[in-house]
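Working notes, beginning with the structure itself.
No value in this document is a laboratory result; all are computed from the given coordinates. All values derive from a computational prediction rather than experimental measurement. A quick note on method: Cβ atoms are made from the backbone with ideal geometry, for glycine too, and the neighbour counts reach across all protein chains shown.
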Amino acid sequence: MQALAGTSPVAYESGKYAKAHRRYACVKPFRNTLYQFAWQSTFREPWAQAYYQRKRQEGKSHSMAVRALANSWVRIIHAIWLKGERYTAATFAAAQRAHASSAA
């Protein structure tokens with residue numbers, strides 16, 4: 001789903017040069033929609049704003065941070081689509097806490 005949306009980075013290597021760049025082979029209107037959705041979510045969702053700010057503090061550009069946030073949203077949207085549920089911030093926050101404690 002991330003490849004189709006164009007939010008997952010593509011690794012590029014040539015000799016000693018290695019870098020990730022944005023995906024060109026994707027559904028561009030879908031990518032644009034996700035980017036705009038991810039950016040607008042930073043104004044409504046506190047976790048999205050915190051995630052965006054964390055990526056910016058890591059030295060990522062605005063577009064890289066929004067693309068990373070869009071990746072998170074793609075995973076969330078795909079999960080709620082498979083479960084047939086609606087998105088609720090409380091459910092997402094509980095899942096975040098549960099996964100953070102097991103990852104630490």
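What the table shows:
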{"item": "Gain in span if fully extended, GLN36 to TRP81, counting 0.36 nm per residue against the direct Cα distance", "result": "14.2 nm"}
{"item": "About the Cα centre, charge dipole magnitude for the chain (Lys/Arg +1, Asp/Glu -1 at Cβ), debye", "result": "220"}
{"item": "C-alpha long axis of helix 46-57 to longest principal axis of the chain, angle in °", "result": "30"}
{"item": "Selected from LYS19, LYS28, LYS60 as most flexible by GNM, with the chain as the system and alpha-carbon contacts under 10 Å", "result": "LYS19"}
{"item": "Where the Cα pairs of the chain fall when distances are cut into 10 Å bins, in %", "result": "14, 40, 35, 10, 1"}
{"item": "The stretch 1-59 - Rg (one decimal) and Dmax (whole number), Cα, Å", "result": "13.9, 44"}
{"item": "Those chymotrypsin sites (Phe, Trp or Tyr not before Pro) in the stretch 7-86 that DSSP places in a loop and that have at most 16 other beta carbons within 10 Å", "result": "TYR24"}
{"item": "Among THR42, THR88, THR33, residue whose mean-square fluctuation peaks in a GNM of the chain (springs only between Cα atoms under 10 Å)", "result": "THR88"}
{"item": "Most mobile of ALA70, ALA18, ALA38 in a GNM of the chain (Cα contacts under 10 Å)", "result": "ALA18"}
{"item": "³J(HN,Hα) computed for each position of the stretch 25-30 - Karplus, 6.51 cos²θ - 1.76 cosθ + 1.60, integer Hz, glycine/proline x", "result": "8, 7, 8, 4, x, 5"}
{"item": "Length-normalised contact order of the stretch 2-103 in % [C-alpha pairs under 8 Å, at least 6 apart]", "result": "22"}
{"item": "Residue list for the stretch 53-81, given a label point 7 angstrom along the Cα-to-Cβ vector of PHE92 and an amide N cut-off under 17 Å", "result": "53-55, 65-81"}
